[in-house]
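Asks: Starting off with a structure, shown below.
Just so it is clear, none of the values below were taken in a lab; they were calculated from the coordinates. Keep in mind that what you see is a predicted model, and the values were worked out from it rather than measured. Positions of Cβ are backbone-derived with ideal geometry, glycine not excepted, and every protein chain shown enters the neighbour counts.
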Amino acid sequence: MRRTLAKPLAVTTNTTTDTIKAPFAASPFGRLLRDVVRRPDWQSTGVKGTTLRGILGINGWICANGGPVIKSYGFLQLPPGTCGSTA
């Protein structure tokens with residue numbers, strides 16, 4: 001019996017943009033980076049909650065300005081509207 005192997009993904013890095021190739025990111029090997037924050041801290045109206053939302057929230061620094069930093073580490077940036085979302 002002859003085995004047929006799945007076609008391996010070509011080089012996983014896009015050498016033009018120095019990021020992970022989209023087909024690799026969409027494969028079972030692709031993972032999202034997540035920040036985990038305790039809900040009471042996130043919802044706090046004090047300095048801690050305001051600071052966390054200002055850095056990690058939808059309108060926070062990571063989503064608004066962090067793209068070049070994230071890209072410099074080879075990761076793909078999430079599409080607008082998904083960065084900073086909560087579950």
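Asks: Normalised by the empirical 2.2 N^0.38 Å for globular proteins, what value does the Cα Rg of segment 36-87 take?
Replies: Taking the Cα Rg and dividing by 2.2 N^0.38 Å, one obtains 1.19.
Asks: What residues have an amide H closer than 5 Å to that of T19, excluding those fewer than 5 places away on the same chain, when H is modeled at 1.01 Å from N in the peptide plane?
Replies: Correct list: N14.
Asks: A further question follows. By average Cβ neighbour count within 10 Å, what is the ranking of 30-41, 71-82, 51-62 from highest down?
Replies: My ranking of the peptides, most packed first, is 51-62, 71-82, 30-41.
Asks: Let me ask something else. At 7 Å along Cα-to-Cβ for each site, give me the label-to-label distance between V47 and L32 in nm.
Replies: About 3.2 nm, to one decimal.
Asks: Once the other residues with Cβ under 15 Å from the Cβ of L56 are scored (Lys, Arg +1; Asp, Glu -1), what is the net sum?
Replies: +3
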